[in-house]
Amino acid sequence: MAANLNDELIQSAFAGQASFTADALHAFFVAQGETDLNRNTLISRIYLLKKRGVLSSCGRGLYTVGGRPALQRLVHSDEGALVDLVAEKLPHIRFAVWAYSDLADLVQTETTQNYLFAETDKEACESVFEVLRTVRKDVFLDPDELVLSRYASMHEKPAIIKPLISEAPLEVVQGRTLPSLEKLCIDPLSEPQFFPEIRGQVYRQLLKTFFGENVINRNTLRRYAARRGMLTRLEELLHSLNLSLKIPGGA
């Protein structure tokens with residue numbers, strides 16, 4: 001019975017709660033008549049609800065209603081050919097492709113230079129570089145600021161291959177692998193050369209947009225910020241915006 005419950009009913013039942021546990025979801029489904037719901041089925045159902053944007057993780061073992069609409073705006077069909085090419089040649093690597101201009105659009109900021117970011121694990125960067133070079137010439141492998149300003153800037157939308165740090169949070173949206181919102185909160189701080197317009201007040205607006213209109217997993221954000229050496233800076237910025245890494249409704 002519960003498997004057929006519509007999304008609106010589930011969202012309505014938990015709309016007044018900042019966060020809730022899997023046990024609370026289990027109790028909800030039992031109250032709807034599914035008294036034999038086991039743990040494995042519950043976990044599978046939570047996964048599907050998250051995939052549909054009905055629920056999102058907001059902390060370890062905690063959920064909230066709503067989704068992450070900002071990530072939908074990073075998906076574009078014109079990048080699908082590159083994704084398919086790399087998937088065919090290198091099927092077992094982590095690989096995320098997205099455009100800098102789409103991130104800037106989220107905070108209504110114009111960019112002087114657009115980049116097509118191709119992010120993968122460090123050991124796969126050279127292989128991805130060789131694959132992309134078979135179809136385009138404007139490919140740059142982890143360029144420094146000098147290469148960005150002198151050479152990448154000569155192209156309209158150069159492909160920038162960036163290495164992912166270990167455990168960098170990624171997310172699958174509409175079948176495409178993208179950086180998570182938590183990662184996008186930190187990368188402009190840790191790699192400012194790739195995000196020239198997302199600084200100062202624009203970066204603060206990005207944080208307000210992400211926290212105000214999307215579900216942020218604060219545990220993931222905290223871990224990634226710490227790994228990039230940006231946790232203290234992030235906490236200071238959030239405090240200045242009356243935001244916090246504390247999980248709403250959490251202990």
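The values are calculated or read from the model by the stated rules, or taken from the named source; none is laboratory data. As the structure is a prediction and not an experimental result, all values here were calculated from the model. Cβ coordinates were reconstructed from backbone atoms using ideal geometry, including for glycine residues, and neighbour counts include every protein chain displayed.
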**Asked** Which ranges mark the helices (runs of 4 or more DSSP H) fully within segment 25-129 that have 1 or more residues being hydroxyl-bearing (Ser, Thr, Tyr) and crowded, with 18+ Cβ neighbours inside 10 Å?
**Response** 100-106
**Message:** So if I check each of Val107, Val173, Val147, Val131, which one is touching a Lys or Arg at 6+ places or on another chain (Cβ under 6 Å) and assigned by TED's automatic domain parsing to the domain that holds Leu221?
**Reply:** Val131
**Request:** Tell me which of these Thr120 doesn't satisfy, since it passes every other one: (1) touching an Asp or Glu at 6+ places or on another chain (Cβ under 8 Å); (2) hydroxyl-bearing (Ser, Thr, Tyr); (3) within 22 Å of Asp84 (Cα to Cα).
**Result:** (1)
**Fill in**
All-but-one check, Thr177 against (1) at pLDDT below 95; (2) surrounded by fewer than 17 Cβ atoms within 10 Å (Cβ to Cβ); (3) in contact with a Leu (Cβ under 8 Å, 6 or more places away or on another chain); (4) of a type outside the set (A, V, I, L, M, F, W, C), failing number (2)
**Request:** Would you check if there is a residue in segment 205-221 being surrounded by fewer than 16 Cβ atoms within 10 Å (Cβ to Cβ), within 24 Å of Asp142 (Cα to Cα) and either in contact with a helix residue (DSSP H, G or I) (Cβ under 7 Å, 6 or more places away or on another chain) or in contact (Cβ under 8 Å) with a residue 12 or more places away in the chain (or both)?
**Result:** no
**Item:** Tabulated pairs, segment 62-91, first outside the structural domain of Thr134 (by TED's automatic domain parsing), second among the basic types (Lys, Arg), C-beta under 7 angstrom, 6+ apart or interchain
**Value:** none
